[in-house]
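One structure is given here, and the rest of the page talks about it.
The values are calculated or read from the model by the stated rules, or taken from the named source; none is laboratory data. Remember, it's a predicted structure, so these values are computed and weren't measured experimentally. Here the Cβ positions follow ideal geometry from the backbone for every residue, glycine too, while neighbour counts run over all protein chains shown.
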Amino acid sequence: MKRLRYAGGSLLVGDSVAHALLAYARDLALASASDTVMLIGLTEDGARDEAEMLIGPSSQLFADTAEGPESLPDDEATIAEMESRRSRLLSHPVRLEDQQIAEDSEWYAEWPTDSSSRPD
(Lines give C-alpha, C1' and ligand atoms only; values in the text may rest on other atoms or scores of the structure.)
Protein backbone atom coordinates (compact mmCIF):
# COMPACT_ATOMS: atom_id res chain seq x y z
CA MET A 1 0.00 0.00 0.00
CA LYS A 2 1.12 3.55 -0.72
CA ARG A 3 0.30 6.77 1.07
CA LEU A 4 -0.36 9.28 -1.68
CA ARG A 5 0.46 12.78 -0.47
CA TYR A 6 -1.00 15.78 -2.20
CA ALA A 7 -1.75 19.37 -1.14
CA GLY A 8 -1.18 18.72 2.55
CA GLY A 9 -3.43 15.65 2.68
CA SER A 10 -3.01 11.96 2.07
CA LEU A 11 -4.94 8.95 0.81
CA LEU A 12 -3.94 5.30 1.09
CA VAL A 13 -4.10 3.55 -2.28
CA GLY A 14 -2.87 0.31 -3.81
CA ASP A 15 0.72 0.23 -5.06
CA SER A 16 -0.29 -0.08 -8.72
CA VAL A 17 -2.75 2.83 -8.44
CA ALA A 18 -0.02 5.06 -7.01
CA HIS A 19 2.39 4.09 -9.80
CA ALA A 20 -0.29 4.62 -12.49
CA LEU A 21 -1.22 8.04 -11.11
CA LEU A 22 2.41 9.18 -10.88
CA ALA A 23 3.07 8.02 -14.45
CA TYR A 24 -0.01 9.90 -15.68
CA ALA A 25 0.99 13.02 -13.74
CA ARG A 26 4.47 12.87 -15.29
CA ASP A 27 3.03 12.55 -18.80
CA LEU A 28 0.66 15.45 -18.17
CA ALA A 29 3.57 17.58 -16.99
CA LEU A 30 5.60 16.72 -20.09
CA ALA A 31 2.61 17.71 -22.24
CA SER A 32 2.05 20.94 -20.26
CA ALA A 33 -1.48 19.72 -19.56
CA SER A 34 -3.62 19.02 -16.52
CA ASP A 35 -6.56 16.79 -15.63
CA THR A 36 -8.77 15.87 -12.70
CA VAL A 37 -8.88 12.28 -11.50
CA MET A 38 -11.06 10.49 -8.97
CA LEU A 39 -9.31 8.02 -6.67
CA ILE A 40 -10.83 5.60 -4.21
CA GLY A 41 -8.67 4.69 -1.24
CA LEU A 42 -8.55 4.59 2.52
CA THR A 43 -8.10 7.21 5.20
CA GLU A 44 -5.40 6.78 7.84
CA ASP A 45 -8.15 5.26 10.04
CA GLY A 46 -8.92 2.63 7.39
CA ALA A 47 -12.25 4.10 6.25
CA ARG A 48 -13.06 4.10 2.53
CA ASP A 49 -12.61 7.54 0.98
CA GLU A 50 -12.80 9.19 -2.43
CA ALA A 51 -10.59 12.03 -3.54
CA GLU A 52 -10.80 14.16 -6.66
CA MET A 53 -7.40 15.54 -7.57
CA LEU A 54 -6.19 18.10 -10.07
CA ILE A 55 -2.88 16.92 -11.50
CA GLY A 56 -0.59 18.62 -13.97
CA PRO A 57 2.76 20.36 -14.41
CA SER A 58 2.71 22.08 -11.03
CA SER A 59 1.40 19.14 -8.99
CA GLN A 60 3.47 18.30 -5.95
CA LEU A 61 2.50 14.69 -5.56
CA PHE A 62 4.40 11.80 -4.03
CA ALA A 63 3.83 8.35 -2.62
CA ASP A 64 5.53 6.53 0.22
CA THR A 65 5.11 3.05 1.65
CA ALA A 66 2.31 2.50 4.15
CA GLU A 67 1.01 -0.45 6.14
CA GLY A 68 -1.90 -2.25 4.53
CA PRO A 69 -2.86 -4.45 1.60
CA GLU A 70 -0.99 -4.13 -1.69
CA SER A 71 -4.25 -3.54 -3.56
CA LEU A 72 -7.86 -2.50 -2.97
CA PRO A 73 -11.07 -3.77 -4.62
CA ASP A 74 -11.46 -0.80 -7.01
CA ASP A 75 -7.82 -0.75 -8.13
CA GLU A 76 -8.27 -2.51 -11.48
CA ALA A 77 -10.87 0.00 -12.70
CA THR A 78 -8.77 2.95 -11.51
CA ILE A 79 -5.63 1.61 -13.21
CA ALA A 80 -7.55 0.96 -16.45
CA GLU A 81 -8.84 4.54 -16.39
CA MET A 82 -5.33 5.97 -15.81
CA GLU A 83 -3.92 3.85 -18.66
CA SER A 84 -6.74 4.94 -20.97
CA ARG A 85 -6.11 8.60 -20.18
CA ARG A 86 -2.35 8.18 -20.68
CA SER A 87 -2.97 6.47 -24.00
CA ARG A 88 -5.21 9.31 -25.21
CA LEU A 89 -2.64 11.85 -24.05
CA LEU A 90 0.30 10.12 -25.72
CA SER A 91 -1.32 8.92 -28.95
CA HIS A 92 -1.57 11.19 -31.92
CA PRO A 93 -4.27 10.21 -34.43
CA VAL A 94 -3.10 9.97 -38.02
CA ARG A 95 -5.38 11.65 -40.52
CA LEU A 96 -5.68 10.19 -43.99
CA GLU A 97 -5.16 13.66 -45.45
CA ASP A 98 -1.70 13.72 -43.86
CA GLN A 99 -0.60 10.47 -45.48
CA GLN A 100 0.96 10.16 -48.91
CA ILE A 101 -1.11 7.78 -51.00
CA ALA A 102 0.86 5.17 -52.97
CA GLU A 103 -0.51 6.46 -56.31
CA ASP A 104 1.11 9.81 -55.59
CA SER A 105 4.62 8.46 -55.23
CA GLU A 106 7.25 8.59 -57.98
CA TRP A 107 7.98 4.89 -57.55
CA TYR A 108 4.37 3.94 -58.21
CA ALA A 109 4.21 6.20 -61.28
CA GLU A 110 6.82 4.00 -63.02
CA TRP A 111 4.38 1.08 -63.22
CA PRO A 112 1.95 0.79 -66.11
CA THR A 113 -1.64 1.63 -65.25
CA ASP A 114 -3.41 -0.17 -68.09
CA SER A 115 -3.62 -3.95 -68.36
CA SER A 116 -2.37 -4.06 -71.98
CA SER A 117 1.20 -3.20 -70.99
CA ARG A 118 1.42 -5.73 -68.13
CA PRO A 119 3.17 -9.07 -68.65
CA ASP A 120 1.00 -12.21 -68.85
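Residue count for segment 44-81 satisfying the condition of being among the β-branched types (Val, Ile, Thr) and exposed (fewer than 13 other Cβ atoms within 10 Å of the Cβ): 1. The residues listed here are Arg3, Arg26; of these, the one that is among the basic types (Lys, Arg) and closer than 18 Å to Glu83 by Cα is Arg26.
In segment 51-61 there is no residue that is over 20 Å from the mean Cα position of the chain (by Cα), of a type in the set (A, V, I, L, M, F, W, C) and either more than 13 Å from Met82 (Cα to Cα) or modelled with pLDDT of 95 or more (or both).
Scanning segment 3-28 for residues that are closer than 18 Å to Arg48 by Cβ and of a type in the set (A, V, I, L, M, F, W, C) gives Leu4, Leu11, Leu12, Val13, Val17, Ala18, Leu21. Within segment 74-85, is there a residue that is outside any helix (DSSP H, G or I) and at pLDDT below 95? Yes; the residues of segment 74-85 include at least one that is outside any helix (DSSP H, G or I) and at pLDDT below 95.
I'd like the full set of residues that are touching a strand residue (DSSP E or B) at 6+ places or on another chain (Cβ under 8 Å), of a type outside the set (A, V, I, L, M, F, W, C) and touching a residue at least 24 places away in the same chain (Cβ under 8 Å), limited to segment 47-74.
Listed by number, the residues that qualify are Asp49, Gly56, Ser59, Gln60, Asp64, Thr65, Gly68, Asp74.
If you take the residues of segment 8-31 that are modelled with pLDDT under 95 and part of a loop (DSSP other than H, G, I, E, B), which of them is farthest from Leu90 (Cα to Cα)? Step by step, filter segment 8-31, then rank; the result is Gly8.
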